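*Asks:* Mind looking over this structure? Questions follow.
Bear in mind that the values in this text are calculations on the coordinates, not laboratory data. Since the model is a prediction, treat every value here as computed from it, not as a measurement. With ideal geometry, Cβ positions are generated from the backbone for all residues, glycine too; neighbour counts draw on all protein chains shown.
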Amino acid sequence: MSDKTMTAEEVVSRLESGMTLGIGGWGSRRKPMALVRALLRSEIRDLTLVSYGGPDVGMLAAAGRVRRLVTAFVTLDSIPLEPHYRAARESGAFELTEIDEAMFMWGLHAAANRLPFLPVRAGIGSDVMRVNPGLRTVTSPYDDGETFVAVPALRMDAALVHLGRADRQGNGQCLGPDPYFDDLFCEAADTAYLSCERIVDTAELTKEAPPQTLLIKRHTVTGVVEAPGGAHFTSCAPDYGRDEDFQRQYATTPWADFAGRFLDGDEQRYQSAVRAWSEERS
């Protein structure tokens, strides 16, 4: 079986401006932030993002890389609304498609199964239909004759996700309590890149954890990046929780100042800048 390991920079070299890019995790949990930071170091822009949004969306929006966003929310969890996303949205910096959380999930399911849409009850009778006039409804062909929203497939050119463990072939393991959506992102995208806290031998993936923790299957993964601390400042349980102090710093600092101090360099420099900041506080 092929060795799919690569660097974050090699992942970004395979991406292009104008792509539809899915980013896994949700809110401020298990976001592939090392890959997002590598993306910010590139010249790639004009992206359509598909994300249960958190600081991934906030940073890319603040940096002017987003043309369109498809999302159900953009939050930092303990900070309800992602502030850099809010500022970009209020300035009209990008187009927004905002749908119900369940509709978003079934859009991923449709794409993963290579279907054009899936019918859902969510959205009927709500403003989701008003603010998304492009959404269509379908009528059941059976005796019930019920009307459903036809949620279009959320197909993506590439997906970026982060988990705790992976092997070199692309099998990914979620050891935390929230194994949500990352497998769907990988299945719904033409290519998928998995960063992880640690690359281990395949046999180790089930040595101390049940096989149900194997969330992502190798046939859906194009590349694997070992990135310790790669979800920071979001959480990656059980390895670490969300860095609330640093998240607060991010949320209250003007974007140019934050980017200048923490994002002006490679991943090693980012980690060093975070440590220096923490030492200053203590």
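*Asks:* Label residue 130 and residue 113 with points 7 Å out from Cα along Cα→Cβ: what is the distance between them in nm?
*Replies:* For residue 130 paired with residue 113, the spin-label model returns 3.2 nm.
*Asks:* Moving on to the next point. Which value in nm describes the separation of the simple spin-label points at residue 277 and residue 248, placed 7 Å from the Cα toward the beta carbon?
*Replies:* With each label placed 7 Å out from Cα toward Cβ, I get 1.3 nm.
*Asks:* Can you compute the charge dipole magnitude of the chain about its Cα centre, using +1 on each Lys and Arg Cβ and -1 on each Asp and Glu Cβ, nothing else charged? Give it in debye, rounded to the nearest 20.
*Replies:* Taking the Cα centre of the chain as origin, the dipole is about 300 debye.
*Asks:* Packing-wise, with mean Cβ within 10 Å as the measure, how do 150-159, 13-22 rank, highest first?
*Replies:* Final packing ranking: 150-159, 13-22.
*Asks:* Compute the acute angle (0 to 90°) between the alpha-carbon long axis of helix 267-281 and the principal axis of greatest extent of the alpha-carbon atoms of the chain; round to the nearest 10°.
*Replies:* Result, in degrees: 70.
*Asks:* Another one. So if we plug the beta-carbon distance of residue 137 and residue 78 into 1/(1 + (r/R0)^6) with R0 = 51 Å, what FRET efficiency do we get, rounded to 0.05?
*Replies:* Calculated value: 0.85.
*Asks:* Let me ask something else. How far apart, in nanometres, would the label points at residue 6 and residue 102 be if each is projected 7 angstrom from Cα along the Cα-to-Cβ direction?
*Replies:* 3.8
*Asks:* Give me Rg over Rh for the chain, both radii from the alpha carbons and Rh done the Kirkwood way, two decimal places.
*Replies:* For the chain, the value is 0.98.
*Asks:* Give the span of region 149-282's Cα atoms along each principal axis, as three whole-Å numbers ordered largest to smallest.
*Replies:* So the three principal-axis extents are 43, 42, 26 Å.
*Asks:* Please identify the GluC sites (Glu not before Pro) of region 81-152 that satisfy two criteria: DSSP loop assignment and at most 15 other Cβ atoms within 10 Å. Which are they?
*Replies:* 146
*Asks:* Packing-wise, with mean Cβ within 10 Å as the measure, how do 168-176, 199-207, 41-49, 27-35 rank, highest first?
*Replies:* Per-residue mean Cβ counts within 10 Å order the peptides as 27-35, 168-176, 41-49, 199-207.
*Asks:* What are the trypsin sites (Lys or Arg not before Pro) within region 59-116 that DSSP puts in a loop, where the Cβ has at most 15 other Cβ atoms within 10 Å?
*Replies:* The qualifying sites are 114.
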